[in-house]
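Peer 1: Quick one: this structure, given as structure tokens, is what I'll be asking you about.
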Amino acid sequence: MKHTIQFLRKENGKPKPFGSGVFAKIYDDYFIITASHVASFFLEHPDEELIIKINKELFIPVFGDVKYSIIEKSEGIDLAYIKLAKQTIINLLKVYIPITIEKFRHHNNLLNGTNYCVLGYPTINVTKEGKPFDTGATFFWLLLVLMINNINIINSTKEII
């Protein structure tokens, strides 16, 4: 879980869950790999910022170069990355561990397995009123049957941690 980052956005002065991404180091550069529907926030809301919780008291803005697919033009591909600026990297490294390219370089074919875990942070806020901001990660264990041009979910379970 130290690779998975939760993006927050401020609403009425309070942090609210917005999306998630994976903190990655590729050679000498640091990235957050996320979905384009999350990264498009930067273009759609240029006067706002996404923030990341570092500890109970510290939230930092996300600074970096954002690139993302346009879902309608890329046959449904919903992928983006943020090449992080130095000031964001310094703070993230205090609490997050970047996944390195060796961990995912050759993992490009899902056909060699039947069980997958999808992990992220929901956009619902599970903070209790009067308590410090906190949310839980949600993950799904999926058993898939792969068919030509179609993926059917046979069984899925949801866990909140």
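Peer 1: Take Tyr81 and tell me if it is outside any strand (DSSP E or B), among the aromatic types (Phe, Trp, Tyr) and either within 15 Å of the chain's Cα centre (by Cα) or surrounded by fewer than 12 Cβ atoms within 10 Å (Cβ to Cβ) (or both).
Peer 2: no
Peer 1: Now for a separate question. Can you tell me how many residues within region 60-78 are part of a loop (DSSP other than H, G, I, E, B) and either at pLDDT below 90 or open to solvent by 30 Å² or more (accessible area, probe 1.4 Å) (or both)?
Peer 2: Summing the residues that are part of a loop (DSSP other than H, G, I, E, B) and either at pLDDT below 90 or open to solvent by 30 Å² or more (accessible area, probe 1.4 Å) (or both) in region 60-78 gives 8.
Peer 1: Out of everything in region 1-37 that is part of a strand (DSSP E or B), open to solvent by less than 30 Å² (accessible area, probe 1.4 Å) and aliphatic (A, V, I, L, M), what residue ends up being nearest to Ile60 (Cα to Cα)?
Peer 2: Once the filter is applied, the top-ranked residue is Leu8.
Peer 1: Can I ask one more? Kindly evaluate Glu57 against the criterion of being more than 17 Å from Val22 (Cα to Cα), free of Cβ contacts under 8 Å to residues at least 40 places away in the same chain, open to solvent by less than 90 Å² (accessible area, probe 1.4 Å) and not in a helix (DSSP H, G or I).
Peer 2: The answer is no for Glu57.
The values are calculated or read from the model by the stated rules, or taken from the named source; none is laboratory data. Predicted model only: the values in this text are computed from it and were never measured. In this analysis, Cβ positions are derived from the backbone assuming ideal geometry, glycine residues included, and neighbour counts consider all displayed protein chains. Each accessible area value is taken on the protein alone, full model and side chains, heavy atoms only, with ligands, DNA and RNA left out. Shrake-Rupley method; radii C 1.70, N 1.55, O 1.52, S 1.80 Å.
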